[in-house]
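One structure below.
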């Protein structure tokens with residue numbers, strides 16, 4: 001499936017908007033403007049959900065959790081950090097599977113190369 005140039009530009013614009021909201025939210029949080037920070041982090045989360053970007057969703061949940069923690073609303077902070085953790089666990093499992101699969105292929109290739117070299121040495 002190929003995306004049109006217009007669709008690609010639209011997606012890239014949404015990604016940039018999400019990053020900007022995240023970064024601005026972090027700045028507002030550092031300034032102690034927690035309500036503004038939360039609004040921006042929630043916009044980032046919605047954009048990430050719209051795009052199906054699980055990594056960005058995890059970051060947004062973590063940022064929201066950090067903001068609530070700064071506001072001493074620990075129950076809410078825990079709730080959002082648990083969502084961040086759940087996404088991170090799935091992403092780690094997927095990454096581990098990918099790395100293991102790639103490593104197995106590489107090991108098989110190395111064995112094949114060793115076998116090839118051994119056969120060449122024997123034939124010399």
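Nothing in this text is a laboratory measurement; each read-out follows from the coordinates by a stated rule. What you see is a predicted model, and the numbers here were worked out from it, not measured in a lab. Note that we place each Cβ from the backbone using ideal geometry, even for glycine, and neighbour counts take in every protein chain shown.
The residues in region 18-37 that are touching a helix residue (DSSP H, G or I) at 6+ places or on another chain (Cβ under 6 Å) and exposed (fewer than 15 other Cβ atoms within 10 Å of the Cβ) can be counted, and the count is 0. Of all the criteria given as (1) more than 25 Å from residue 11 (Cβ to Cβ); (2) in contact (Cβ under 8 Å) with a residue 12 or more places away in the chain, the one not satisfied by residue 30 is (2). Do we have residue 93 as surrounded by fewer than 16 Cβ atoms within 10 Å (Cβ to Cβ) and part of a helix (DSSP H, G or I) here? Answer is yes for this residue.
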